[in-house]
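The values are calculated or read from the model by the stated rules, or taken from the named source; none is laboratory data. Predicted model only: the values in this text are computed from it and were never measured. Using ideal geometry, Cβ is built from the backbone for each residue, glycine included, and neighbour counts are taken over all protein chains shown. Quick note on the areas: whole protein, heavy atoms, side chains included, nothing else; ligands and nucleic acids left out. Shrake-Rupley method; radii C 1.70, N 1.55, O 1.52, S 1.80 Å.
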Amino acid sequence: MQPHIAAAPQNRLSIDTPDLQLRVIPRDSHTISRRDISPNALRVLYRLRDGGFSGYLVGGAVRDLLVGGHPKDFDIATDATPDQVRALFRNCRLIGRRFRLAHVVFGREIIEVATFRANVDDGSGDRELHEGGRLLRDNVYGTIEDDAVRRDFTANALYYTVEDFSVRDYVGGYDDVQARVLKLIGDPEYRYREDPVRMLRAARLAAKLDFRIDEASAEPLTRLAPLLAQSAPARLFEECLKLFLSGHAVASFERLEHHGLLAALFPETATALTANRSGALRNMLLEGLAGTDKRVANDEPVSPAFLFAVLLWPAYCRALMALQAQGMHAAEAQRRAADRVTLHQASMIALPRRFSLPMQEIWLLQARFSQRKRVPRLLAHPRFRAAYDFLLLRLVASSEHAEDVDFWRELQAQSGETEDGLDAVESVEGEGDGEPRKRRRRRRPSPSATTSE
Ligand code: ATP
Ligand code: MG
């Protein structure tokens with residue numbers, strides 16, 4: 001049972017709808033070429049048309065194509081119901097409970113086909129708003145105009161059709177894309193309250209596209225940032241991956257910080273960064289994000305565990321210092337600090353254990369680098385490489401790790417020269433450190449860099 005369902009506040013969007021002005025940008029006036037559209041998406045568009053339905057490429061794909069980008073997915077909106085879409089395509093499955101979507105599957109490519117959706121209170125009770133104005137359900141079919149105004153930014157509400165290869169614009173998105181500005185459709189505060197994740201999308205899309213955020217859309221961000229705490233932690237985790245693992249992590253971080261969203265998303269990290277006067281922790285964090293961006297640019301895999309180890313490291317350091325100041329033994333303080341930070345952050349962002357555990361290992365292995373004890377075991381640790389890469393990052397914050405880096409770099413170089421890499425290590429360490437042989441494993445090329453951890 002929903003405890004507090006208030007009557008929908010006055011819906012400014014539905015009031016705006018009748019005033020929408022359709023602008024058609026003909027083929028010879030825009031830059032979208034069929035060559036840049038996925039052939040499978042085109043197939044779906046033609047099949048819908050031949051079936052007597054209207055179908056449009058919509059959302060991020062149209063926006064990205066207009067700025068010369070290469071969309072990673074092609075979404076389609078149509079007036080056909082999900083069942084009608086399924087009847088047209090054998091390779092189609094319907095998904096979603098809250099809102100039914102059709103996925104048309106072509107090998108590894110999935111084209112998402114959504115029926116035009118409305119975002120209006122028609123009295124049917126199919127649209128419910130929480131007291132704070134947060135949108136709980138919006139499963140009502142609608143017209144293309146309804147579908148346009150329920151989208152977030154004007155740049156995301158452009159429709160491309162294969163009828164005449166024109167772009168249809170109901171909300172002024174075409175001019176906004178040309179001006180490289182992100183503008184919320186409707187009243188910004190109302191739209192952020194409906195779905196606070198839109199605040200993160202503003203920061204992320206501005207970073208990715210190098211757009212500015214329109215003044216009226218930017219103004220409420222810092223003020224409304226605390227509303228993010230009401231969004232589902234699993235959704236915030238997904239959004240974090242998009243923010244930081246899509247090749248624009250540094251720009252995203254700076255936008256989040258600028259608009260007060262970082263403090264809402266990672267409160268303990270934000271506090272620790274403010275307290276760290278030298279700026280060393282911030283430099284290290286940005287260096288880590290820049291490294292992630294470089295890996296993405298080079299098509300190298302990136303790991304959420306390493307990313308979160310970077311993002312939460314300032315919080316971990318601060319927690320560790322506090323516990324040690326209370327006189328707690330170092331090893332115990334490290335474990336407690338790692339657990340505490342992970343637990344506190346989890347109430348905001350649902351970081352799955354398959355990522356939080358290796359993240360903690362990366363932190364806990366740091367102390368062992370300076371101890372230089374049980375060397376073979378450390379070298380064979382599945383998280384060794386990730387932890388060592390992390391040590392390199394820490395060098396940015398403090399030169400005191402230079403000797404440790406040299407020591408472990410040297411060891412790796414030696415171990416890499418032998419058949420079983422660890423024989424060389426053993427010769428450095430000497431016999432009889434009590435490591436059972438069966439525990440040794442050859443170091444994989446780069447375990448730090450797998451998304452499948
Ligand atoms: P990306 O480049 O990350 O894929 P995108 O804009 O395509 O960016 P998606 O999450 O793929 O983002 O969403 C597709 C479209 O759905 C958006 O362009 C927008 O029109 C609409 N949309 C997505 N999220 C929201 C939201 N929270 N509120 C309103 N509309 C949304
Ligand atoms: Mg998209």
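Sort through Ala87, Ala118 and tell me the only one that's within 15 Å of ligand 1 (Cβ to nearest atom) and among the hydrophobic types (A, V, I, L, M, F, W, C).
Checking each option against the conditions leaves just Ala118.
I'd like the residue in the stretch 253-304 that is in contact (Cβ under 8 Å) with a residue 60 or more places away in the chain, open to solvent by 60 Å² or more (accessible area, probe 1.4 Å) and not in a helix (DSSP H, G or I) and, out of all such residues, is nearest to Pro358 (Cα to Cα).
Going through the qualifying residues, I end up with Pro301.
Say we look at the stretch 204-217 and pick out the residues that are more than 17 Å from Phe253 (Cβ to Cβ) and assigned to a helix (DSSP H, G or I); which of these is nearest to ligand 1 (Cβ to nearest atom)?
Ser217
Can you report the number of residues in the stretch 60-77 which are touching a helix residue (DSSP H, G or I) at 6+ places or on another chain (Cβ under 8 Å) and either open to solvent by 30 Å² or more (accessible area, probe 1.4 Å) or more than 10 Å from ligand 1 (Cβ to nearest atom) (or both)?
Counting residues in the stretch 60-77 that are touching a helix residue (DSSP H, G or I) at 6+ places or on another chain (Cβ under 8 Å) and either open to solvent by 30 Å² or more (accessible area, probe 1.4 Å) or more than 10 Å from ligand 1 (Cβ to nearest atom) (or both) gives 7.
How many residues are open to solvent by less than 40 Å² (accessible area, probe 1.4 Å) and more than 16 Å from ligand 1 (Cβ to nearest atom) when one looks only at the stretch 45-59?
Residues in the stretch 45-59 being open to solvent by less than 40 Å² (accessible area, probe 1.4 Å) and more than 16 Å from ligand 1 (Cβ to nearest atom): 4 in total.
Residue by residue, here is whether (1) open to solvent by less than 10 Å² (accessible area, probe 1.4 Å); (2) of a type in the set (D, E, K, R); (3) closer than 26 Å to Val296 by Cβ holds:
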| position | (1), (2), (3) |
| --- | --- |
| Lys183 | no, yes, no |
| Glu189 | no, yes, no |
| Glu194 | yes, yes, no |
| Arg201 | no, yes, yes |
| Leu205 | yes, no, yes |
| Asp210 | no, yes, yes |
| Ser217 | yes, no, no |
| Phe244 | yes, no, yes |
| Val250 | no, no, yes |
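Take the stretch 66-101 and flag every residue that is small (Gly, Ala, Ser) and touching a Cys at 6+ places or on another chain (Cβ under 9 Å).
none
Report whether or not His344 is open to solvent by 30 Å² or more (accessible area, probe 1.4 Å), of a type outside the set (Gly, Ala, Ser) and over 28 Å from the mean Cα position of the chain (by Cα).
Judged against the criteria, His344 is not a match.
For the subset of the stretch 153-174 comprising residues that are within 13 Å of ligand 1 (Cβ to nearest atom) and of a type in the set (Phe, Trp, Tyr), which member is surrounded by the most Cβ atoms within 10 Å (Cβ to Cβ)?
Phe153
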